[in-house]
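Q: Here it is, the structure, as structure tokens.
None of the figures in this text is laboratory data; all of them are computed from the coordinates on show. What you see is a predicted model; the values in this text were computed from it and never measured. So basically every Cβ, Gly included, is an ideal-geometry build from the backbone, and we count neighbours across all protein chains shown.
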Amino acid sequence: MLYPTLNQPLMFILLLLAGLASGVIFDVLNLIIGLLGSDKYVRHFFNFLSVVLSFAILFIVNLKFNYGQYRSYVLIIFLISFCFERFLSRFLWTKLIKKCYSLLSKKKGIGSEQGENH
């Protein structure tokens, strides 16, 4: 009984990483959906694939490091880290991309104005 108690901090970190990895999988597959088009069959297939991969990550991490003992903290930590990654990707990455795009468009606009003035 002592070993599972000592293993919980490691399990906490690994579950955080597993949740973040699952969120990244969702983001990558949503990017692929955007590139392939918005066909409903493609979207359903990739959503199903991302759910299966997320559950596989959770199952493998829990089986390998927690000996398959599902407790409430396992699901709670995984879901919190998954939601945290989705929040970060939705707000921070889109703001970062918008800033980069606006900086590049301003730079391009400034360069064309300078070319016209000379």
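Q: Divide by every residue of the chain the summed helix terms, -39500 (n - 2.57) for each DSSP H run of at least 4, and state the resulting mean residue ellipticity at 222 nm, rounded to the nearest 500 deg cm²/dmol.
A: Result for the chain, helices only: -30500 deg cm²/dmol.
Q: Counting other Cβ atoms within 10 Å, which trypsin sites (Lys or Arg not before Pro) in the stretch 1-109 have at most 16 and lie in a DSSP loop? Numbers along the way, then the final one.
A: Numbers: sites: Lys40, Arg43, Lys64, Arg71, Arg86, Arg90, Lys95, Lys98, Lys99, Lys106, Lys107, Lys108; in loops: Arg71.
Passing both the DSSP loop test and the Cβ count: Arg71.
Q: Where a Cα-Cα gap under 23 Å defines reach, which lysines qualify for Lys98, not counting those fewer than 8 residues away within the same chain?
A: Those lysines meeting the cut-off are Lys106, Lys107, Lys108.
Q: Relative to 2.2 N^0.38 Å, what does the C-alpha radius of gyration of the chain come to as a ratio? Two decimals please. All intermediate terms of the calculation are to be shown ahead of the outcome.
A: Numbers: Rg = 21.0 Å, N = 118, 2.2 N^0.38 = 13.5 Å.
Rg over 2.2 N^0.38 Å, computed on Cα atoms: 1.56.
Q: Please work out how much length the chain gains when fully extended from Arg43 to Arg71, using 0.36 nm per residue of separation minus the C-alpha to C-alpha distance, in nm with one decimal. Walk me through the intermediate numbers first.
A: On the way: separation 28, 0.36 × 28 = 10.08 nm, distance 3.21 nm.
Gain on stretching Arg43 to Arg71: 6.9 nm.
Q: Give me the angle, in degrees from 0 to 90, between the Cα long axis of helix 94-117 and the longest principal axis of the Cα atoms of the chain, rounded to the nearest 10.
A: On a 0 to 90 degree scale, this one is about 20.
Q: Across 10 Å bins from 0, what is the distribution of all Cα-Cα pair distances for the stretch 25-80, in whole percents?
A: Result, from short to long distances: 22, 40, 25, 13, 0 percent.
Q: Output the 0 to 90 degree angle, nearest 10, between the alpha-carbon long axis of helix 2-36 and the longest principal axis computed from the alpha carbons of the chain.
A: Approximately 40 degrees, to the nearest ten.
Q: Please compute the net charge surrounding Gly34, taking Lys and Arg as +1 and Asp and Glu as -1 over other residues with Cβ under 15 Å from its Cβ.
A: Once positives and negatives cancel, what remains is +1.
Q: Just to confirm the number: angle between the C-alpha axis of helix 72-87 and the first principal axis of the chain, 0 to 90 degrees, nearest 10?
A: 0 degrees
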